[in-house]
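The values are calculated or read from the model by the stated rules, or taken from the named source; none is laboratory data. Bear in mind the structure is a predicted one, so any value in this text is a computation, not a measurement. Note that we place each Cβ from the backbone using ideal geometry, even for glycine, and neighbour counts take in every protein chain shown. Keep in mind that these areas ignore ligands, DNA and RNA; they rest on the heavy atoms of the full protein, side chains included. Shrake-Rupley method; radii C 1.70, N 1.55, O 1.52, S 1.80 Å.
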Amino acid sequence: MEVFLIGLIAATLRVATPLILGTLGELFAERAGILNLGIEGTMFCGAFVGFVVGGATGNLWLGVLAAIVAGILAGLLMGLLSVRLGVSQHVSGLGITLLLTGLSLFGFRLIFGEPRIPPSIAPFERLPILSQVPILGEILGQYALTYIALALVPVCWWMLYRTNFGLQIRAVGENPEAADAAGVNVFLTRYLALAIAGGLMAAGGAFLSLAQLGAFTYGIIAGRGWVCIALIIFGNWQPVRVLWGALLFGGVSALQLRLQTTGLDLPYEMFLALPYLVTIAALAVAGRNATYPAALLKAYKRE
Amino acid sequence: MLAIQMRGITKRFGPVLANDRIDFSLEQGEIHALLGENGAGKTTLMRILYGLYHADQGEILVDGHLAHIPSPKEAITLGIGMVAQHFTLVPPLSVAENVVLGYTKGLRFDPGAAQQHVAEAAARFGIKTDPAAIVRHLSVGECQRVEILKALYRNVRALIMDEPTSVLVPQEVDVLFETLERLRGAGLSVIFISHKLNEVMAVCDRITVLRQGRVVGTVDKAATSQIELACMMVGRETFGVTRRGESPQGEARLRLESLSALDRKGLPALKEVSLEVRAGEILGLAGVSGNGQAELARVLAGTLKPTGGRILVDNRDLTGADPTCFLVAGVGRIPEERHESMIGELSVAENLVLECLDEFTRNGLLDRRRVRQHGEQLIAEYQIKAQPTDRMRTLSGGNVQKVVLARALSSKPRVILASQPTRGLDVGATEYVRDKLLEQRDQGVAVLLISEDLDEALALSDRIAVIYEGRIMGVIPAGEASKEQLGMMMSGAWEVTRGETEN
């Protein structure tokens, strides 16, 4: 039982890492009033760019950095479309997801052709020193990126609630007219929020290809971006509650993997569906009192 | 010292000339009214001064220097602040956060320090507010004080107030006027945008009147009168409604018998209300807001089911019927929230047929040509300044109300239910609406006029009923009613026993 629990907790943190990074990113975008449906594509692009650069240079951290830069660019593109040009956020976000998915696949074909087995690299290793701690070693011995993701939760909270930039983000997402009238640069604030958002999302994608899998596959993101959007609602747009959401989803995902191996006579698809069912149930309960950022989905235009 | 001069300001919105070569000057330490009807160009002019709009032509001088004001940020730097009609506050943030927003330096934001600074600023200007309070929980008057504080915190020396009293209850208006006078005492200047003559006369030093985008003139308060201002505003010599002679009163068209209903919280809002509105009369229902008027209007529209009593229209029992039945029975409605009764994204012509779609349907399809013709006809008849194809949301308040009137009256109603039909309208539109209601009365329609404006109720009604805490305190002929008597009834201090004066 102990072994089972420790294994479960360790896996939960691992599975939750890309979700934490993705939701923190989406959180910045949505608190600034932009629903960034480009998250799925941005994560995919981050996984691809990180994999290629990490593999080519042999420096995995360079891969992460490249993914973040790609994510920032994707965020700025979202800004160009939804902030500058006032395109519907649904349309521009889905467009970015399609564009980045397509571009990444195209790049993949150019570089790797159509390999039978996905190309792989030597991934990040788990922090070796902490792995040797007795009993808890498996839990503590996570990837550095997992620790970074966890540390980013209070950092993001601090940025949103204890910096002037965060105050501006919150104001812009609730009432851009008011923020503008108060002298806040609505457009710049939204661009910056989207850039941060894109960088975090892409880092989440890079975690999958550079740490968890050490490989790049077509289905590497597998809807995690959409899950992040649901987790934001579950977390009521608050960094810490969003973390609980990511851990809950990660926990159920890790649990279903273990349940599959227990030999229960059920179709494995039912186990696969479990995290999503739990998400829907949790959303149905928590989402009822959701207080959306009031300006979400609304393009701001000066008259 | 801050003196502002605007010279030859011109601003177009498409084909509409909103400001036409406007000259305007503001001196230090004065409260200067900008008076005009809705759509006269007051707000446009001030939004130009505040950097929200950009003038097509003209120049602005601040303290004698040519000023370029591309955005509110520059306006604030120059010492010009604005409190808009719709507050520009962020509801989930605290008062302090709202005040310092956009006026903070450095990286860190310290909520405690911000609250302290804001409390100090509030104390300096004598403005009562709680810096830690969340704006969402504040009353309208409190929000307005936060807006003023926000401007003062930015060292503004000229404050533009856009129709500041339109959202306030009378007590809050008094507080606002005290605040403005205190600011004037401290050497600040205020531009007070309004279309209410009595307020302008009460608080302002000078008055500039705009009409249709042009300056009619600037006058000193001491040298003018409400009547002169009204004439300048509307450009007509006649002012006010004139009641035509008594029309013979016919049978009871609308009868309420011991009607009771609950409000949204499930508390009794109407308690055994009995009323009778006869053909050819206007029955005014006076009362302080929130004493059951809204629920009565909803019950009579069919959107709220009464818990007891009966509603009879032409002796037909409509108790608990749905809204369509009320429309078919000939109840025309002029609802309190005029924007909620219209669909902003639909055209004017489409909105005009919303209540009688069946008449414009052929073989299950909407007959678009007839809808358009119907729209054109009503637009001409009711002098609505719009095209049939214009989106409803692009219309000004006065024109929206004309569409509401046109829709309600074109179906030849037998009973008209008018809730606050002139609230928020300018003088011209108010007069128009009142004339239309009187015209309907003269044609033998029974009109129930729910109005919180006692002057309006007195001017239009044949009889006046007073509602207090969901009960009718009495019905008296308007000719015999005095304001004092009605005031006592409205505050529940006096109830006319049934049958005493009801004839």
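Of the strands (runs of 3 or more DSSP E) lying entirely inside segment B:1-65, those containing at least 3 residues that are touching a strand residue (DSSP E or B) at 6+ places or on another chain (Cβ under 7 Å) and without any contact (Cβ under 8 Å) to a residue 60 or more places away in the chain span B:4-13, B:57-62. How many of the residues in segment B:274-296 are more than 23 Å from B:Gln443 (Cα to Cα) and not acidic (Asp, Glu)? Looking only at that region, the number is 11. Annotation: B:Leu49 fulfils all but one of (1) more than 26 Å from the chain's Cα centre (by Cα); (2) at pLDDT 90 or above; (3) open to solvent by less than 50 Å² (accessible area, probe 1.4 Å); (4) more than 12 Å from chain A (Cβ to nearest Cβ); the unmet one is (1).
To keep it simple, each residue is scored yes or no on (1) farther than 18 Å from A:Val242 by Cβ; (2) touching a helix residue (DSSP H, G or I) at 6+ places or on another chain (Cβ under 6 Å); (3) not in a helix (DSSP H, G or I).
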{"residue": "A:Arg109", "(1), (2), (3)": "yes, no, no"}
{"residue": "A:Ala122", "(1), (2), (3)": "yes, no, yes"}
{"residue": "A:Glu125", "(1), (2), (3)": "yes, no, yes"}
{"residue": "A:Leu130", "(1), (2), (3)": "yes, yes, no"}
{"residue": "A:Pro134", "(1), (2), (3)": "yes, no, yes"}
{"residue": "A:Ile139", "(1), (2), (3)": "yes, yes, no"}
{"residue": "A:Thr146", "(1), (2), (3)": "no, yes, no"}
{"residue": "A:Ala149", "(1), (2), (3)": "no, yes, no"}
{"residue": "A:Met159", "(1), (2), (3)": "no, yes, no"}
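Taken over segment B:73-96, residues that are surrounded by 24 or more Cβ atoms within 10 Å (Cβ to Cβ), within 7 Å of chain A (Cβ to nearest Cβ) and part of a helix (DSSP H, G or I) amount to 1.
Consider segment B:165-181. How many of its residues are out of contact with any Lys or Arg (no Cβ under 9 Å at 6 or more places or on another chain) and modelled with pLDDT of 90 or more? Here the count works out to 4.
On inspection, A:Phe249 does not qualify as open to solvent by less than 10 Å² (accessible area, probe 1.4 Å), in contact (Cβ under 8 Å) with a residue 40 or more places away in the chain and not aliphatic (A, V, I, L, M). Within segment A:263-274, one or more residues are among the aromatic types (Phe, Trp, Tyr) and away from every other protein chain (no Cβ under 14 Å). Only one of the numbered conditions (1) open to solvent by less than 50 Å² (accessible area, probe 1.4 Å); (2) closer than 18 Å to B:Asp23 by Cα is not met by B:Glu59, and that is (1).
Against the test of being in a helix (DSSP H, G or I) and over 22 Å from A:Leu248 (Cα atoms), the options A:Leu21, A:Leu99 yield a single qualifying residue, A:Leu99. Screening B:Glu376 on (1) free of Cβ contacts under 8 Å to residues at least 60 places away in the same chain; (2) closer than 30 Å to B:Leu256 by Cβ; (3) acidic (Asp, Glu) shows it passes everything except condition (2).
All told, B:Asp110 falls short of being away from chain A (no Cβ under 14 Å) and either open to solvent by 60 Å² or more (accessible area, probe 1.4 Å) or at pLDDT 90 or above (or both). Tallying residues that are at positive phi and crowded, with 20+ Cβ neighbours inside 10 Å within segment B:283-339 yields 3.
Filtered by the rule that a residue be of a type in the set (Asp, Glu) and over 24 Å from the mean Cα position of the chain (by Cα), segment B:1-46 gives B:Asp20, B:Asp23, B:Glu27, B:Glu30.
The sole residue among B:Asp462, B:Asp455, B:Asp442 that is under 22 Å from B:Ala294 (Cα atoms) and open to solvent by 30 Å² or more (accessible area, probe 1.4 Å) is B:Asp455. The sole residue among A:Arg162, A:Arg190 that is surrounded by fewer than 20 Cβ atoms within 10 Å (Cβ to Cβ) and either closer than 30 Å to A:Gly102 by Cα or of a type outside the set (S, T, N, Q) (or both) is A:Arg162. On the basis of being away from chain A (no Cβ under 14 Å), at pLDDT 90 or above and open to solvent by less than 60 Å² (accessible area, probe 1.4 Å), does B:Ile31 make the cut? Judged against the criteria, B:Ile31 is a match. Taking first residues from segment B:150-169 that are in contact (Cβ under 8 Å) with a residue 40 or more places away in the chain and open to solvent by less than 10 Å² (accessible area, probe 1.4 Å) and partners that are of a type outside the set (Val, Ile, Thr) and in a helix (DSSP H, G or I), the Cβ contacts under 7 Å between residues at least 6 apart in sequence or on separate chains come to B:Leu152/B:Ala121; B:Leu159/B:Ala151; B:Leu159/B:Leu183; B:Ile160/B:Met46; B:Ile160/B:Leu49; B:Asp162/B:Met46; B:Pro164/B:Gln144; B:Pro164/B:Leu176.
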